[in-house]
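Asker: Here you go, one structure.
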Amino acid sequence: MSSQPQREMNSESLEPRPRTPMSDAEARNWLQRTWDDGKGFTSWFQQVHHTVIGRRYIITAFCFFLLGGLLAALMRIQLSHPENHFLSPDFYNQVFTMHGSTMMFLFAVPVMEAFGIYMIPLMMGTRNIAFPRLNAYSWYLYVCGGIMLYVAFVLNTGPDVGWFAYPPLSGPDFSPGKRADFWAQMITFTEVAALAVAVEIITTIFKLRAVGMSLNRIPLFGWAMLIHSFMVIFAMPAVALDSSMLLMDRLISTHFFNPAEGGDALLYQHVFWFFGHPEVYIIFVPAMGIVSEIIATFSRRPVFGYPALVLALVANGFVGFGLWVHHMFATGLPMMGYSFFTAASLMIAIPSAVQIFCWIATLWTGRINWKTPLIFVIGFFAIFVLGGLTGVMLASVPLDTQVHDTYFVVAHFHYVLIGGALFPLFGGIYYWFPKITGRMLSEKLGLWHFWLFFIGFNLTFFPMHILGLKGMPRRVYTYLPQNGWGTMNFIATVGALFMTAGVLFWLYNIWTSYRRGPLAGDNPWGASSLEWATNSPPPIYNFDELPTVNSRTPLWTATAENPVIRGLRIDDREVLITRVLDAEPDHINSFPKPSPWPFWSAMATTALFVGSIFNGYALYIGAIPLAFTLTMWFWPKKHEIALEEAEGVRR
Amino acid sequence: MVPSKLSLWYGILIGAAAFAGDQQITYSLVPHACSTGHFYVLYCATGIALLLALSGAAMGGRNLAVTRSASIDGGTRADRSRFMAILGIAASLGFATIILAMAVPRFMLSPCD
């Protein structure tokens, strides 16, 4: 943003609502022309508005969710009875690796960021996300990484080393060929994309908030996305480094993880889980934000214990980084290591419990409006608390050692991730679908979706606890009848069928409601945050006039005399920059226009990343088009120079 | 009067920093302690971390007293400062508890096993 023209702004620019230099319709036309990203084939590759990119992110992430779910269904069919040969062992290895990698890297993190991209600028009361071109670039990169992985899979080169790809299994000796390389490079793609989005969201929340939205008035989803983004910035480089070191071991014969040459295989696990455990909270924390928004809206009261909820999110963010070794209890650690990480792993339950109690108190003291978003949140309570309890059990070294790498762990993390993230996410979709599309989802189909998914989920994953306690290891291709695991596995497969049916109801609901659902209006739920202060779907400029806020629940306390922001040009993409702590007006910044160069830069990056899997020289050769496209991206345009000169004269 | 931003951020962040520092430093000092028998370095590191976390709570308490007349959901600087002061106290005390929880096993287990 700093490279863009800036103008001074002060609190005198806050003016009472009645006074417009031109008619509202005329002003809206101007804004539409100024902020429109264009239509048509070539414009599609140039669009940079957060609602456009956010929609693409959401749709892409759910496409990967469906693919990951399909892979899960294949696994459940394979395991439905003993000595099944529905899939070959080699293909099964690819399927479970692709399932885990898809869900963790191509769905769970991107979908949370997707909702952040779409909702945060609206919630903050601004016209676009910070660094909009970077936002577009991140989406292209994310899509290319996902496509690369699935093309490899279709060509029977899908990774087959598990979603965390431990060496030495994933090293050059035990995984010849290109399968693990594609996995490692997919990590690079998705991590670069995630880091870019994290930077955008932090900047948007810190610098683009509506006037009056001081730190103590940021919506809880905003806080959650802020914590999430900081966690991404601290955690993701670790896994990008880890996967790059693995690639170097495989491609240019370094020995980072080769003990025979002085490397250390456990180093990989430490670095991976330094990312991997915070990853759970990276996924979970935005979901907590969604839960807080839904509960406040459907209890029709401000959320109980706002400071405690903020503190719990902050504590999750910090303590989440102090637990990674509990994934490595079975590797043989000093007793001190066990004690440290057991203590921290137990303590992380406290902030989560604080949040649950605050939400219960909100519901208890509110006037509940039973709608599908809230019902998904209630489902989340039940499932997440069970997942949290098994998490506390797994923090205990003796139990962890006993059930390590069994289906007990599989059950635990699905309870945490599906219960803790997917249920709130589904609730969030029912909640925000009217804002994004302008139409309501069907409540009846929503209930079908909820019950089928809820029952199916518990049928699928609860028996896995028992399977794990009976000793069934995870990732086994098949098992013998005399193991006694057949019945529980069959029940789990039936549960997966229920879940699939639930998802089909959901897709049908989206399809029919998008086409002919009842019109939503601006604020169908009577919610309090700023995304509901504009049309549904929002115009490309988000708000006719930039809003100001006078409380934590601005739409519930708004008056006709609420000031609005004046002084922004409507013939240029100007936004108001505010101060970090108190959101006081600081200056005006002109945002970039659509550009094809983020797309071309992403293509050049993709060529470099994919090429380097096959030949190290691709790094040198690929750097040339990448440098060219980035240069073109950042090259000052004539209108920007003219604007800057004009502003210089005005100053 | 409004507390300084530095003191407010100190209250919020020092507990977390002390927790992270204690975990990393103590863990990396174990080989040294076991090879030399100087176990006091472990206690010193934890003691310092605990004091730092508690200093955050004290700072938060001071900031809270300064903003006694403010409200935590208001729109003024004093209101926002009071909110940050409360966050600081709670965060610092919470992290001090975690530091203590991590230290307790050290009295019962030998770090060298």
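The values are calculated or read from the model by the stated rules, or taken from the named source; none is laboratory data. Keep in mind the model is a prediction, meaning the values are calculated, not measured. Ideal geometry is used to build each Cβ from the backbone, glycine not excepted, and the neighbour counts take in all protein chains shown. The accessibility values were calculated without ligands, DNA or RNA, using every heavy atom of the protein model including side chains. Shrake-Rupley method; radii C 1.70, N 1.55, O 1.52, S 1.80 Å.
Asker: Can you list the equivalent-ellipsoid semi-axes of the stretch B:15-104, largest first and in whole Å, using the square root of 5 times each Cα gyration tensor eigenvalue?
Answerer: Numbers: eigenvalues 250, 18, 13 Å².
Over the Cα atoms of the stretch B:15-104, the ellipsoid semi-axes are 35, 10, 8 Å.
Asker: How far is helix A:50-78 tilted off the main Cα axis of chain A, in degrees rounded to 10, range 0 to 90?
Answerer: Once rounded, the angle reads 20 degrees.
Asker: Which value, in Å² and to the nearest 10, is the accessible area of A:D160 when all protein chains are kept and the probe is 1.4 Å?
Answerer: The accessible area comes out at roughly 40 Å².
Asker: Related question: Please report the accessible area of A:I624 (heavy atoms, 1.4 Å probe, ligands and nucleic acids excluded) in Å², nearest 10.
Answerer: Surface open to solvent at A:I624 totals about 120 Å².
Asker: Turning to a different aspect of this structure: A:H228: accessible area at probe 1.4 Å, nearest 10 Å²?
Answerer: Looks like 0 Å² after rounding.
Asker: As a test of the formula, what do you get for chain B when each DSSP H run with n ≥ 4 contributes -39,500 (n - 2.57) and the sum is divided by the residue count, at 222 nm and rounded to the nearest 500 deg cm²/dmol?
Answerer: Calculated from helices alone, the mean residue ellipticity at 222 nm is -27500 deg cm²/dmol.
Asker: Could you give the dipole magnitude of the stretch B:15-104 about its Cα centre, charging the beta-carbon of Lys and Arg +1 and that of Asp and Glu -1, in debye to the nearest 20?
Answerer: My answer is approximately 300 debye.
Asker: DSSP loop (so not H, G, I, E, B), at most 16 other Cβ within 10 Å: list which trypsin sites (Lys or Arg not before Pro) in the stretch A:453-505 pass both filters.
Answerer: When the trypsin sites (Lys or Arg not before Pro) of the stretch A:453-505 are filtered for loop state and at most 16 Cβ neighbours within 10 Å, A:K470, A:R475 remain.
Asker: Next question, about the same structure. In percent, how large is the relative contact order of chain B, given Cα pairs closer than 8 Å and 6 or more residues apart?
Answerer: 40 percent.
Asker: Right, here's the next one. Can you give me the pair-distance distribution of the protein assembly as shown, C-alpha pairs, 10 Å bins, whole percents?
Answerer: In whole percents, the pair-distance histogram is 3, 13, 23, 26, 21, 11, 3, 0, 0.
Asker: So which cysteines of chain B have no other cysteine's Cβ under 4.7 Å from theirs?
Answerer: For chain B, the answer is B:C44, because their Cβ atoms have no other cysteine Cβ under 4.7 Å.
Asker: Can you list residues from other chains, or at least 5 along the same chain, whose modelled amide H is less than 5 Å from the amide H of A:V211?
Answerer: A:V549
Asker: Another one. Can you give the log10 of the normalised intensity I(q)/I(0) at q = 0.09 Å⁻¹, computed with Debye over equal Cα scatterers of the stretch A:125-268?
Answerer: These q points yield log10 I(q)/I(0) values of -0.38.
Asker: Now a separate question. Tabulate in residue order the Karplus-calculated ³J(HN,Hα) for the stretch A:186-199, using 6.51 cos²θ - 1.76 cosθ + 1.60 with θ = phi - 60°, rounded to whole Hz; enter x for Gly and Pro.
Answerer: Listing the rounded values in order: 4, 4, 4, 3, 6, 6, 4, 4, 5, 5, 4, 5, 4, 4 Hz.
Asker: Shifting gears a bit: Which shape class applies to the stretch A:253-307: rounded if a/c is under 1.5, otherwise prolate when a/b exceeds b/c and oblate if not, where a ≥ b ≥ c are the square roots of the Cα gyration tensor eigenvalues?
Answerer: prolate
Asker: On average, how many beta carbons from a partner chain sit within 10 Å of the beta carbon of a residue in A:335-346?
Answerer: Values: counts 9, 15, 3, 3, 9, 12, 3, 3, 9, 6, 0, 2.
Neighbouring Cβ atoms belonging to other protein chains average 6 per residue here.
Asker: Would you mind calculating the relative contact order of chain A from Cα pairs under 8 angstrom and at least 6 residues apart, reporting the percent as a whole number?
Answerer: 23 percent
Asker: What list of ³J(HN,Hα) values in whole Hz, one per residue of the stretch A:324-339 in order, does the Karplus curve 6.51 cos²θ - 1.76 cosθ + 1.60 (θ = phi - 60°) give from phi, with Gly and Pro shown as x?
Answerer: 4, 6, 5, 7, 10, 4, 7, 8, x, 10, x, 4, 4, x, 4, 5
Asker: Quick one: dipole size for chain A, taken about the Cα centre, charges +1 on Lys/Arg Cβ and -1 on Asp/Glu Cβ, in debye to the nearest 20. Intermediate results must be reported in sequence, preceding the final value.
Answerer: On the way: 39 positive and 39 negative charges, 289 e Å.
Value, rounded to 20: 1380 debye.
Asker: Compute the angle between helix A:618-634 and the longest alpha-carbon principal axis of chain A, please, reported from 0 to 90 degrees and rounded to the nearest 10.
Answerer: Taking Cα atoms only, the helix is inclined about 20 degrees.
Asker: Residue by residue through the stretch A:477-484, which ³J(HN,Hα) values in whole Hz follow from phi under the Karplus form 6.51 cos²θ - 1.76 cosθ + 1.60 (θ = phi - 60°), with glycine and proline marked x?
Answerer: 6, 7, 8, 8, x, 6, 5, x
Asker: Would you pull out the residues with amide H under 5 Å of A:E584's amide H, same chain only if 5 or more places away, H placed 1.01 Å from N?
Answerer: The list, which skips near neighbours in sequence, is A:R579.
Asker: Let me check something: with ligands and nucleic acids excluded, how do B:I25, A:I368 order by accessible area (1.4 Å probe), largest to smallest?
Answerer: Most to least solvent-accessible, the answer reads B:I25, A:I368.
Asker: Pop a pseudo-label 7 angstrom from the Cα along the beta-carbon direction at both A:S23 and B:S28 and give the gap in nm to one decimal.
Answerer: Modelled inter-label distance: 6.9 nm.
Asker: May I pose another question? Please list, ordered by chain and number, the residues whose modelled amide H lies under 5 Å from the amide H of A:V564; skip anything fewer than 5 residues away on the same chain.
Answerer: A:E15, A:R17
Asker: If you don't mind, there's one more thing I want to ask. Ranked by accessible surface with a 1.4 Å probe, highest first, in what order do A:K638, A:K178 come? Kindly include the intermediate steps, with their values, before the conclusion.
Answerer: Details: A:K638 180, A:K178 60 Å².
My answer, sorted largest first, is A:K638, A:K178.
Asker: What does the C-alpha gyration tensor say about the overall shape of the stretch A:282-382? Classify as rounded when a/c is under 1.5, otherwise prolate if a/b is larger than b/c, or oblate.
Answerer: Prolate shape, in that a/c is at least 1.5 and a/b is the bigger ratio.
Asker: Keeping every protein chain in place, order A:K444, B:K5, A:K593 by accessible area at 1.4 Å, biggest value first, i.e. largest first. Please report the intermediate quantities before stating the final value.
Answerer: Values: A:K444 150, B:K5 125, A:K593 60 Å².
Sorted descending by solvent-accessible area, the residues read A:K444, B:K5, A:K593.
Asker: Rounded to the nearest 500, what is chain A's calculated 222 nm mean residue ellipticity when only DSSP H runs of at least 4 contribute -39500 (n - 2.57) each, over all residues?
Answerer: -21000 deg cm²/dmol
Asker: When DSSP assigns beta bridges and you keep just the ones with both residues in the protein assembly as shown, what percent turn out antiparallel, to the nearest 5? Spell out each step's value before the answer.
Answerer: Working: 12 of 13 bridges.
Here the share of antiparallel DSSP bridges comes out near 90 percent.
Asker: Using alpha carbons only, how many degrees (0 to 90, rounded to 10) separate the axis of helix A:597-614 from the longest principal axis of chain A?
Answerer: Helix A:597-614 sits roughly 20 degrees off the main axis of chain A.
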